[in-house]
Amino acid sequence: MKKFLIGIIACMCSLAGVAQPQIVLRMAFNAEQNRYEVFARPDFSASQFAWGPSQVSVVLPAEVADQSVSARSTNIGVWSDNSRIFAPETALASDFHGFTTQGGKVDLTAGEEFLLFDFALPQGFLEGVRLFDMQKDPAASKPGMKGGDFSGYMADDKGRNMLKTDLTRPVLTVKDEAKLVGLAGITSEPSLRVVAYPNPSPSGAFRLFLQGFDRSERLTVQIATLTGKVIHSFSERADALAGKAIALGSPADSFLILSVTRPDKQQTFAQKIWLRD
């Protein structure tokens, strides 16, 4: 009898030590396509896995327009932005979007990541876009959340929520970033940031990420060769310039010099843009 009980206890301990299967979600920014991408990575393999109804929630800066975000679905049925709370009292700087799907079947391979859905914002890349953090972001009962639950979930056929979130925030990866040039830049606001992406830009086009500028401020953009020959120059408001596609054509140079100038402040940001890595 004693040996029998020891065997049962050992079996229970063994079962307790078995980790529950998980599917890890993460978000990244694709600079070439100018889109945010949500990926899933299972730690198990399964053929025709029945992925149940799900929600994946995204947090956007409140500066984004108060409207639904159109998702481009790639796996597990159709993903739609079906739940939205804009700048709630408990988190005035953030908007919350719950993307849901009715689910579907998919072949899973342990450790292999695949794309669930992606979406684009008019401003292009924005810092602060991320997946919902269930430990820190407001629950449904918090002021202004209107009972909206933005927790991520996907139940398997046993009713277990298999989703786990990698909270690493999307970053903008480029070979070079704009720096202030000239004496006027010494007293510049430290919050200002200018980044042309993608960089390198083999397609011959790029966009601008602008941080810290007044939306109505007018900026001058100039693109020149290393020898100083100007091949493109124009002026535009910061809010219209952020995220706008700018074509470089097909210059023979391996890289060009981008300058973004604030005429009223006598400040210029300069950055190299590689056309070939």
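Just a few scattered comments:
- Criterion violated by Thr173 - all others in (1) under 16 Å from Phe125 (Cβ atoms); (2) in a strand (DSSP E or B); (3) among the β-branched types (Val, Ile, Thr) satisfied: (2)
- Segment 203-240 - residue that is of a type in the set (Phe, Trp, Tyr) and assigned to a strand (DSSP E or B) and, of those, surrounded by the fewest Cβ atoms within 10 Å (Cβ to Cβ): Phe234
- Filtered by the rule that a residue be open to solvent by less than 50 Å² (accessible area, probe 1.4 Å) and either not in a loop (DSSP other than H, G, I, E, B) or not aromatic (Phe, Trp, Tyr) (or both), segment 77-87 gives Gly77, Ser80, Asp81, Ser83, Ile85, Ala87.
- Elements of type strands (runs of 3 or more DSSP E) contained in segment 26-66, each with 3 or more residues being over 30 Å from Trp274 (Cβ atoms) and open to solvent by less than 10 Å² (accessible area, probe 1.4 Å): 54-61
- Consider segment 56-79 and keep the residues that are among the polar types (S, T, N, Q) and within 17 Å of the chain's Cα centre (by Cα). The one that is farthest from Ala40 (Cα to Cα) is Ser68.
- Note on segment 88-136: residues that are in a loop (DSSP other than H, G, I, E, B), among the aliphatic types (A, V, I, L, M), touching a Gly at 6+ places or on another chain (Cβ under 8 Å) and open to solvent by less than 60 Å² (accessible area, probe 1.4 Å) amount to 2.
- Hits in segment 264-277 - residues which are farther than 16 Å from Glu217 by Cα and in a loop (DSSP other than H, G, I, E, B): Leu275, Arg276, Asp277
- Checked against (1) open to solvent by less than 60 Å² (accessible area, probe 1.4 Å); (2) in a loop (DSSP other than H, G, I, E, B); (3) in contact with a helix residue (DSSP H, G or I) (Cβ under 7 Å, 6 or more places away or on another chain), Asn199 passes all but condition (3).
- Residues of segment 252-263 that turn out to be open to solvent by 30 Å² or more (accessible area, probe 1.4 Å) and either part of a strand (DSSP E or B) or at pLDDT below 90 (or both), as a count: 6
- Beta carbons closer than 7 Å, at least 6 apart along the sequence or on distinct chains, pair a first residue in segment 216-243 that is touching a residue at least 60 places away in the same chain (Cβ under 8 Å) with a second that is open to solvent by less than 20 Å² (accessible area, probe 1.4 Å) and not hydrophobic (A, V, I, L, M, F, W, C) for Ala242/Gly124; Gly243/Gly124.
- Filter result for the condition that a residue is out of contact with any helix residue (DSSP H, G or I) (no Cβ under 9 Å at 6 or more places or on another chain) and at pLDDT 95 or above, over Gly77, Gly159, Gly144, Gly103: Gly144
- Hits in segment 67-82 - residues which are closer than 17 Å to Gly103 by Cβ and touching a Lys or Arg at 6+ places or on another chain (Cβ under 9 Å): Ile76, Trp79
- Only one of the numbered conditions (1) over 21 Å from Phe125 (Cβ atoms); (2) within 20 Å of the chain's Cα centre (by Cα) is not met by Thr225, and that is (2).
- Against the list (1) open to solvent by 30 Å² or more (accessible area, probe 1.4 Å); (2) in contact with a Gly (Cβ under 9 Å, 6 or more places away or on another chain); (3) not aromatic (Phe, Trp, Tyr), the condition Gly243 fails is (1).
The values are calculated or read from the model by the stated rules, or taken from the named source; none is laboratory data. Quick caveat: nothing in here was measured; it's all calculated off a predicted structure. Methodologically, a virtual Cβ is constructed for each residue, glycine included, from the backbone with ideal geometry; neighbour enumeration extends over all protein chains shown. These area figures cover heavy atoms from the full protein model, side chains too; ligands, DNA and RNA do not enter into them. Shrake-Rupley method; radii C 1.70, N 1.55, O 1.52, S 1.80 Å.
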